[in-house]
1. Cross-link partners among aspartates and glutamates for residue 34, C-alpha distance below 16 Å, same-chain residues fewer than 8 apart left out?
2. May I ask which residue of 84, 40, 65 lies farthest towards the positive end of the charge dipole of segment 39-99, with charges of +1 (Lys, Arg) and -1 (Asp, Glu) on Cβ and the Cα centre as origin?
3. So how much slack lies between residue 88 and residue 71, counting 0.36 nm per residue of separation and subtracting their Cα-Cα distance, in nm?
4. If R₀ is 25 angstrom, what is the calculated FRET efficiency for the pair residue 2 and residue 48, using the beta carbon separation as r and rounding to 0.05?
5. Rounded to the nearest 500, what is the chain's calculated 222 nm mean residue ellipticity when only DSSP H runs of at least 4 contribute -39500 (n - 2.57) each, over all residues?
6. Along its three principal axes, how long is segment 54-99 when you only count alpha carbons? Whole Å, largest extent first please.
7. What is the magnitude of the charge dipole of the chain about its Cα centre, with +1 placed on the Cβ of each Lys and Arg, -1 on the Cβ of each Asp and Glu, and no other charges, expressed in debye to the nearest 20?
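Values quoted throughout were computed directly from the atomic coordinates according to the rules given, and no laboratory measurement underlies them. Keep in mind it's a predicted model, so treat the numbers as computed, not measured. Neighbour counts are summed over all protein chains in view; Cβ atoms, including those assigned to glycine, are modelled from backbone coordinates with ideal geometry.
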Amino acid sequence: MDLNFWGLAVGLATFFIIGMFHPIVIKAEYYFGKKCWWFFLVAGIVFALISLLVNNFMGSTILGVISFSCFWSILELFEQEKRVAKGWFPANPKRSGRK
């Protein structure tokens, strides 16, 4: 019986990618606020396009996961701003425009 480990590999990679994006979103909101949402949009589009061009199944899949993690980060960036407003995360005192 041959075992197929590709699904587990993609799942593990997805787990780590999502785990990496949590602190990225927190830091992006802290230093730049929600105005940096366009960066995640551009990065998501770029990773999606690269994913389409990669012939390797695993590579294309991982790039697709990164792409949609970038898209999801746009929503999380706006949610992070709400969490900061509630006091759940620290606000950056050096950034203007904070209420």
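1. Within the straight-line cut-off, residue 34 pairs with 76, 79, 81.
2. Towards the positive end, the residue furthest out is 84.
3. Here the segment from residue 88 to residue 71 would lengthen by 3.8 nm.
4. 0.20
5. Helix contribution divided over all residues of the chain: -26000 deg cm²/dmol.
6. Principal-axis extents of the Cα atoms in segment 54-99, largest first: 48, 18, 13 Å.
7. 800 debye
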